[in-house]
Every structure is written in C-alpha cells, then in structure tokens.
2 protein chains.
Amino acid sequence: MADAGRQPIGVFDSGLGGLTVVRALTERLPSEKILYLGDTARVPYGSKSGETVVRYSRMSAHFLMGRDIKILMVACNTASAYALDALAADLAIPVLGAVEPGADEAVAATVRGEVGVIGTLGTVRSGSYPRAIAARDPRIRVAQLACPLLVPLVEEGWLGGAGDRLEDRAAAAIAERYLGELCAAAPNLDVLVLGCTHYPLVRALLARTAERLWDRPIALVDSAQAMARAADRILSQAGLLAGGAGGLSCFVTDDARFAEVAARFLGHPIATVEKVDL
Amino acid sequence: MADAGRQPIGVFDSGLGGLTVVRALTERLPSEKILYLGDTARVPYGSKSGETVVRYSRMSAHFLMGRDIKILMVACNTASAYALDALAADLAIPVLGAVEPGADEAVAATVRGEVGVIGTLGTVRSGSYPRAIAARDPRIRVAQLACPLLVPLVEEGWLGGAGDRLEDRAAAAIAERYLGELCAAAPNLDVLVLGCTHYPLVRALLARTAERLWDRPIALVDSAQAMARAADRILSQAGLLAGGAGGLSCFVTDDARFAEVAARFLGHPIATVEKVDL
C-alpha cells in the first residue's frame with residue numbers, strides 16, 4: 001500500500017486549463033506527485049465531435065498509463081463528457097472525470113431545486129451534467145448554456161477586474177450577455193456550475209454578475225475544487241495517499257505560448273515542461 | 001490547356017474561416033470548381049507551433065493533391081506563415097498563400113509608409129507579414145498585433161453591429177481594446193491588413209473603430225479578397241481558367257457545428273460536406 005501510494009496522480013486536459021485542477025490538488029494534497037499532460041497540439045476539444053474527443057482522450061490516457069499512475073483525472077469537461085465511460089472500461093485504475101464531482105456538489109447545494117451549468121459547446125451538447133444531476137435527484141431542473149468566448153477571454157488574461165479598462169468592459173459585457181440569457185431562461189436557479197476548467201479564473205466576475213442579475217446569492221460550484229476533493233476522498237479510502245515531498249511534471253503536445261498561460265492557471269511559474277508526441 | 005482548366009481549385013484552412021476565401025473566389029470566378037478542406041478536428045492552428053502547423057499542412061495538401069487540383073490555395077494565415085515554403089517545394093502546381101497577396105495590396109495602398117497587421121498569435125509571431133512587406137519595400141514600417149479574441153467572437157456570431165445589444169457592446173469593447181493598442185503604437189499608419197480569414201466578417205466593426213481611433217480614413221486590406229484576385233491573375237496568365245458551371249465540394253476532418261458556422265462564412269447554406277480522415 002505504501003508503495004502504491006508513491007505512484008503519481010495522472011491529470012490530462014485538452015490544453016492548459018486543467019492546471020486549475022493541478023493547483024487545487026497541490027493546495028489540498030501537497031505530498032502527491034502529479035503528472036500533467038496537456039494535448040495542446042489539438043486544443044480545444046470543446047468544438048470537436050464526440051468520436052474525435054474519445055480518440056484523443058485514449059491517446060492521452062495511454063501516455064500517462066505508461067508512467068504508472070495510480071489514478072487518472074480527466075480535467076477536461078468535454079473529454080469527461082464524451083470519453084469517461086470508454087476510459088473507465090479500458091483502465092484498471094480509478095478514473096475520475098470533471099462532471100461527477102461537480103454534479104455531486106451542485107445537488108447538495110441547491111435549495112430551490114434548479115441548477116445552472118455553463119461550459120463549452122461540447123460539454124453542453126453532450127448533456128453530461130443534466131444526466132449526472134438527474135441520476136442523483138431527478139426532481140432537480142437543470143438549465144445549460146454554452147459560453148464559447150469565456151475560454152479565449154481567460155487565455156488572453158482579460159479576467160474582468162472591477163475597473164473600467166476596455167478589457168474589463170469587454171469581459172463584463174460577455175459575462176452579462178451569457179448569464180443574462182441564462183437568467184431569462186432559469187430565473188429560479190440558486191446554484192451555478194462552472195463546467196469548464198478555465199472558468200475558475202473568471203470566478204469573481206461570474207459571481208458578481210450572477211448576484212446582480214438574479215438579485216440574490218448564487219452558489220458557484222468550481223469543478224476544479226470539486227475534483228480535488230473527490231480525488232482526496234478516493235485515494236484516502238483506498239489507502240493510496242502519498243507521504244513526503246510532492247511535485248509536478250508537465251507534458252504538452254505543442255509548446256507554443258506555454259509558460260505565460262500555464263503560470264496564469266497554476267498561480268506560479270512552471271519549472272519544467274517536456275514536449276511529447278502521442 | 002482546356003483540360004487543365006477543368007481541374008478544380010484546392011483550398012485548405014485549419015477550419016471554416018477559409019470559406020471567406022471560397023466566397024470571394026466564387027463571386028469572382030463562378031465557373032471554377034472548388035475543393036475545400038477544413039482541418040476542423042485540429043483547428044485552430046493559430047496557437048500551435050510552427051513544426052506542428054507544417055506537419056498538419058502537409059497532410060491537408062496531400063489530401064487535395066490526390067484529387068488532382070490545378071492550384072493550391074492556403075487560406076489559413078498561420079499555415080501560410082509557417083508552411084508555404086515547404087508546400088511550394090513539395091508540389092509541382094502553383095501554391096498561393098494568404099500572406100503574399102495581402103502584402104502586395106498593403107504596399108500599393110499606403111501613402112504614409114506605415115502599415116498595420118492584425119492576426120492570430122501564430123501569424124504575428126511568425127513575422128511573415130513584416131518579412132513579405134519588407135521584401136517589397138524596405139522603407140515601409142509595419143506594426144503588428146495579435147487579436148486572439150476576434151476568431152471566437154466571429155464564430156459566436158457576435159459581429160459587432162452598431163446597436164446596443166450586449167454582444168455588440170462586447171464586440172465593440174474588444175475591437176477598441178485591440179485597435180487602441182495598435183493606434184498607440186502606430187499613430188501614423190494608413191493601411192490595416194486583416195491577416196486572418198475570419199476577420200472579413202467583422203470588417204465593418206473594424207473599419208468603424210479604426211476610423212474613429214485614428215480620426216481619418218484607414219484602408220482595410222482583406223486577405224480573402226486579395227487571394228481571390230491573385231488566383232484569378234495566376235490562372236489567367238497560365239491559361240488555366242475554367243469555363244462552364246462551377247461548384248463547391250467541402251471536406252472536413254470533424255463535422256461538429258459545421259453547418260451554422262459555414263453558412264455564416266460562406267454567405268449561404270452549404271449543400272454537402274464529407275467528413276474525411278487525413
């Protein structure tokens with residue numbers, strides 16, 4: 001068991017957004033060794049078909065399995081939506097997606113019985129959140145909205161501070177346009193799931209905008225934090241938590257513009273990164 | 001010669017943006033048969049490294065060459081920037097990129113001798129426009145700016161009408177933020193190259209914003225129109241123009257969300273599309 005605990009945690013994402021999951025993991029489980037793979041040569045998955053996403057996800061999982069991981073975390077919501085069942089069937093280790101932990105927390109948090117989900121086009125179209133929430137409590141209503149501009153907004157670093165710079169005004173107009181549409185469709189919701197690993201970086205903007213639009217507190221479910229909590233629980237129950245010094249090794253399939261964006265997601269500069277072919 | 005003229009024109013792009021080139025071609029040369037390949041499974045190229053872009057471009061060119069095209073048009077600015085020399089060396093037919101035609105028209109249009117170029121991160125980082133313009137007239141100053149949010153803005157269909165809807169306000173703030181930065185860096189420019197096939201769809205917004213910021217007329221060079229004019233010239237000089245009825249055949253590597261976005265770029269619904277593996 002002690003030996004098994006020393007194996008790394010494998011995390012993969014279509015790009016760099018999954019580093020928000022790494023950040024949540026290292027804050028919660030600082031003794032864990034983490035292998036991160038970002039399929040940056042083929043990012044984003046959110047606009048691709050299910051068939052393509054499953055194929056790419058299998059290649060990423062295969063790479064990490066070759067490095068003897070103890071759990072696979074699929075940090076990409078789109079990949080979780082389309083490929084989780086296939087990966088769980090393929091692999092002999094626990095596979096944790098981005099959807100189930102967020103669905104658990106959303107169901108626990110709603111009082112009015114209405115939950116909103118925002119994510120990429122792929123995540124929304126897959127229907128994975130409504131399905132996961134219905135499996136937990138079929139009485140809960142779910143309103144979804146795809147917000148394709150939020151990912152490039154975050155990657156540009158326009159995070160929507162409260163100031164009056166043009167990038168803040170652009171971010172504010174985008175958030176208000178999307179959440180306004182959701183508010184008109186679901187005036188009764190009290191929980192909003194951030195169903196994309198990029199969104200924690202605009203969490204403050206989304207929280208501020210949501211509270212103003214619905215005119216009451218809205219509970220935000222951050223799928224990165226929810227995944228870290230779920231991984232802690234799974235590893236702990238299996239006696240697979242590591243001791244000693246943790247660490248992060250990063251792999252990408254294309255290294256353009258890596259460092260700047262990675263540091264934004266991770267909260268600090270990244271030490272080393274290796275480019276790999278899948 | 002008459003037989004050669006009946007071969008199709010091949011156009012490829014990383015995604016659907018190159019359909020703005022198809023649109024310009026069909027308006028100008030309605031008798032031409034056009035084969036369009038959008039590498040939608042791996043879009044966008046703009047954030048990927050040169051090495052990756054060259055590899056993907058070779059696969060797309062190989063596919064179209066297998067269908068006996070008479071000219072290859074690389075409608076993706078990023079692919080033109082990185083892969084044009086490699087493709088021209090590989091192939092025995094004319095290869096026309098997106099950069100050279102736009103550079104020609106920019107050099108002809110500037111009176112003050114200062115040209116602005118906006119495009120994806122990949123196009124700007126490659127330096128292909130400054131190089132192409134310097135090769136034509138080394139006295140011309142070139143100011144570049146990457147505008148990563150414009151592509152998702154166009155794909156979302158927020159084209160920045162003059163109204164006061166939230167999506168118009170978002171588009172206006174984004175355009176003003178980017179062009180404002182360019183105006184501060186290059187107050188003297190009088191020509192602005194739209195160095196990305198998506199940008200013609202926000203041409204009116206960019207023209208309006210540029211005229212207000214620089215406070216005088218700014219000539220916009222549309223690389224899709226420039227490519228169609230250049231293809232006309234090349235085929236005409238080689239005696240390779242087609243007669244009779246033209247037509248468009250579309251191929252994509254992933255068919256998610258194709259129809260809606262394609263119609264926006266093309267200006268009309270698309271009849272048939274075939275999904276292919278490269």
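Given a 10 angstrom Cα cut-off, can you work out which residue in B:Glu176, B:Glu51, B:Glu32 is the most mobile in a GNM of chain B?
B:Glu51
Fewest first, what order do B:Ser126, A:Ser57 take by the number of other Cβ atoms within 10 Å?
Starting with the residue having the fewest Cβ neighbours, the order is B:Ser126, A:Ser57.
Can you give the charge dipole size of chain A about its Cα centre, rounded to the nearest 20 debye, using +1 on the beta carbon of Lys and Arg and -1 on the beta carbon of Asp and Glu?
Values: 28 positive and 31 negative charges, 62 e Å.
Using Cβ point charges on Lys, Arg, Asp and Glu, chain A gives about 300 debye.
Enter the per residue convex hull volume of chain A, computed from alpha-carbon coordinates, in Å³ rounded to the nearest integer.
Roughly 121 Å³ of hull volume per residue.
Grab the DSSP H runs of chain A that are 4 residues or longer, score each as -39,500 (n - 2.57), total them, divide by all residues and round the 222 nm result to the nearest 500 deg cm²/dmol.
-14500 deg cm²/dmol
List the relative contact order of chain A as a percent without decimals, with contacts defined as Cα pairs under 8 Å and 6+ residues apart.
28 percent
What would the Debye equation give as log₁₀ I(q)/I(0) for the stretch A:99-223 at q = 0.21 Å⁻¹, counting only Cα atoms as equal point scatterers?
For the stretch A:99-223 at q = 0.21 Å⁻¹, log10 I(q)/I(0) is -1.19.
What are the label-to-label distances in nm, one decimal and shortest first, from B:Arg208 to the same spot in the other copies, with labels 7 Å along Cα to Cβ?
2.7
Report the charge-dipole magnitude of the stretch B:99-223 in Debye, nearest 20, computed about the Cα centre from +1 at each Lys and Arg Cβ and -1 at each Asp and Glu Cβ.
Computed about the Cα centre, the dipole is about 320 debye.
Can you give the alpha-carbon Rg of the protein assembly as shown over 2.2 N^0.38 Å, where N counts its residues?
Taking N as the residue count of the protein assembly as shown, the ratio is 1.00.
Mind telling me which of B:Cys147, B:Cys76, B:Cys196 comes out most flexible in a GNM of chain B, alpha-carbon contacts under 10 Å?
B:Cys147
With respect to the axis carrying B onto A, what is the closest chain B residue by Cβ position, and how many angstrom separate it from the axis?
Residue with the nearest Cβ, plus whole-Å distance, for chain B: B:Pro152, 2.
7 Å along Cα→Cβ for the label point: how many nanometres lie between B:Ser31 and each equivalent label in the other copies, listed shortest first?
So the distances to the same position in the other copies read 7.9 nm.
Distances from A:Gly243 to the same position in the other copies: list them in nm, one decimal, shortest first, using label points 7 Å from Cα along Cα→Cβ.
8.8
Relative contact order for the stretch B:99-223 using alpha-carbon pairs under 8 Å, separation at least 6, rounded to a whole percent?
Numbers: 198 pairs, mean separation 42.3, N = 125.
Taking the mean separation of contacting Cα pairs over the length of the stretch B:99-223, I get 34 percent.
In whole Å, what is the distance between the alpha-carbon centres of the stretch A:86-101 and the stretch A:196-229?
25 Å
Label point 7 Å out from A:Glu27 along Cα-to-Cβ: which residues of the stretch A:263-278 have amide N under 20 Å?
A:263-271
Of the candidates A:Leu145, A:Leu166, A:Leu96, which one comes out as most mobile in a Gaussian network treatment of chain A with C-alpha springs shorter than 10 Å?
A:Leu166
Which value, in debye to the nearest 20, describes the size of the charge dipole of the protein assembly as shown about its Cα centre when Lys and Arg Cβ atoms bear +1, Asp and Glu Cβ atoms bear -1, and nothing else is charged?
60 debye
Kyte-Doolittle cut-off -0.5, length cut-off 18 Å along the helix's own axis using Cα: show which whole DSSP H helices in chain B pass.
What comes out of the filter, once short or polar helices are dropped, is B:50-65, B:77-90, B:166-185, B:223-237.
Could you pull out the pairs from A:Lys70/B:Lys48; A:Lys48/A:Lys275; B:Lys70/B:Lys275; A:Lys70/B:Lys275 whose alpha carbons sit more than 28 Å apart here?
A:Lys70/B:Lys48; A:Lys70/B:Lys275
At 7 Å along the Cα-to-beta-carbon direction for both A:Glu211 and B:Glu114, put a label point, then send me their distance in nm to one decimal.
Once both label points are built, they end up 4.5 nm from each other.
Among A:Gly113, A:Leu166, A:Val202, flag the residue with its Cα farthest along the positive direction of the charge dipole of the stretch A:99-223, charges on Cβ as +1 for Lys/Arg and -1 for Asp/Glu.
Of the candidates, A:Gly113 comes out farthest on the positive side.
Only the coordinates and a few stated rules stand behind these numbers; no lab work does. This one's a predicted model, so the numbers in the text were calculated from it and none came from an experiment. Glycine gets a Cβ as well: all are built from the backbone with ideal geometry, and neighbour counts include every protein chain shown.
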